[in-house]
Structure formats: C-alpha cells, structure tokens
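Heads up, the thing below is written out as structure tokens.
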Amino acid sequence: MLEAWFLLAVWVLVVVGGTLVGLVTARAAGESFGRQRAERTPVTAVLLDDAPRTAIAGPGDDRTSARVRWTAPDGTRHSGGTLVPGGLRAGSAVEIWLDAWGRPSNAPPTSGEAAAESALLGVSAALALTGAAFGVRCAGRWWLDRRRIEEWDREWALLGPRWGHKTG
C-alpha cells in the first residue's frame, strides 16, 4: 500500500512539477534572451590589424580575434579585441555588438533562436526533475524491498524450524 502511494506521488511530481519547472525555466530563459536583444546594439567597427584566416572561435565558425576601433552610441571612441570574420584586411568595416556597458559582446539570439533555446532549456529542466523523481522512487523502492526481506527473514526464523520436525 505504501509503495502505491509513493508511486502516485512520484507521478504527480513528474507531471505537475515537471510541467511547472519546464514552463518557468523556458519563460526565464526567454526573458533573459529578450533583455539581451534590448540591451545589445550593433555598431560598425574598423579593423586595426589584418584578421588572420585561422579561425579560433570553434568548429564551423570562421571568426578570429582581432583589434578593432568603434564609436559607441554615446559618441565615445573605443578600441579593443573582439571576434571578426577571418581573412579581412586592416581598415575593413565589420559589425560588432556592444553590451549595455559599451563593451564588445556576442550578437544576441534572434527571436527564433531564443524561442528554440528557451524550449530546449525548459524540456531539459523538466527531464532533470523527472530523473531526480525517478531516482528518489528507486531509492524508496530499494528501502521498501530491504524492509520486506528483513521481515521475511524474521518470519522464516520463527516458522522454518517448525517445518523441519515432521514425522511420517
């Protein structure tokens, strides 16, 4: 009986809790991506040095680190390093993104990318809760099985010797 109630509680946690955790996570991620889109602004920068052709950003990404100069939206001039497409010559214009503090940053995700990533994060959070709930269920079942085996051992110790003295 206890095991049935325990199983019901786990399933309710998975269905209700997993749904809530997934929705809250997806909403929080969506809001975070929305803030990034609102805070980050694109500006045109000028390369100060030739950008090497060797990509350092990662597989499938041809960007490399280079020094650039840009004018912030408030009119101040800055220079620094950021990732730019490889193979460009000094003096080339490139688009870079600035964060709320005027520092170079990654481009914010598009609304489609943000929606997909938010959904993926929500599903991942729901699956993580589901995994934890089933882990607790397995631990609870192990504990119940251990109790049952101990009860059977005690009963066998009491009843087993009585069966051994039969006469024919």
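The values are calculated or read from the model by the stated rules, or taken from the named source; none is laboratory data. Remember, predicted model here, so these are calculated numbers, not experimental data. Virtual Cβ from ideal backbone geometry, glycine too; neighbours counted across all protein chains shown. SASA here: full protein model, heavy atoms, side chains in, ligands and nucleic acids out. Shrake-Rupley method; radii C 1.70, N 1.55, O 1.52, S 1.80 Å.
Things worth noting here:
- Loop-located trypsin sites (Lys or Arg not before Pro) across region 28-117 with a Cβ neighbour count of 14 or fewer within 10 Å are Arg53, Arg89, with loop assigned by DSSP.
- Projected label distance in nm at Phe6 and Arg77, using a 7 Å step from Cα toward the beta-carbon: 7.2
- Under the simplified labelling scheme, the Phe134-Val46 pair shows an inter-label distance of 6.0 nm, with each label point 7 Å from Cα along Cα→Cβ.
- Correct option for Rg and Dmax of the Cα atoms in Å [calculated from the coordinates] among (i) 28.2, 89; (ii) 18.1, 55; (iii) 30.8, 109: (iii)
- Exposure ranking of Ser111, Ser124 by accessible area [1.4 Å probe, largest first]: Ser111, Ser124
- Cleavage-rule hits (chymotrypsin sites (Phe, Trp or Tyr not before Pro)) in region 35-143: DSSP loop, at most 15 neighbouring Cβ within 10 angstrom: Trp101
- The residues of the chain present an accessible area of 69 Å² per residue when probed at 1.4 Å with all protein chains retained.
- Our coupling estimate for region 34-40, obtained by passing each phi through the Karplus curve with A = 6.51, B = -1.76, C = 1.60 and θ = phi - 60°, is x, 4, 4, 5, 6, 8, 8 Hz, Gly and Pro reported as x.
- Inter-site label distance for Thr19 and Trp156 at 7 Å from Cα along Cβ, in nm: 4.5
- Computed on protein heavy atoms with a 1.4 Å probe, the accessible areas place Arg154, Arg137 in the order Arg154, Arg137, largest first.
- Its relative contact order, with pairs defined as Cα atoms under 8 Å and 6+ residues apart, puts the chain at 28 percent.
- Sulfur and carbon atoms: percent of accessible area, the chain [1.4 Å]: 61
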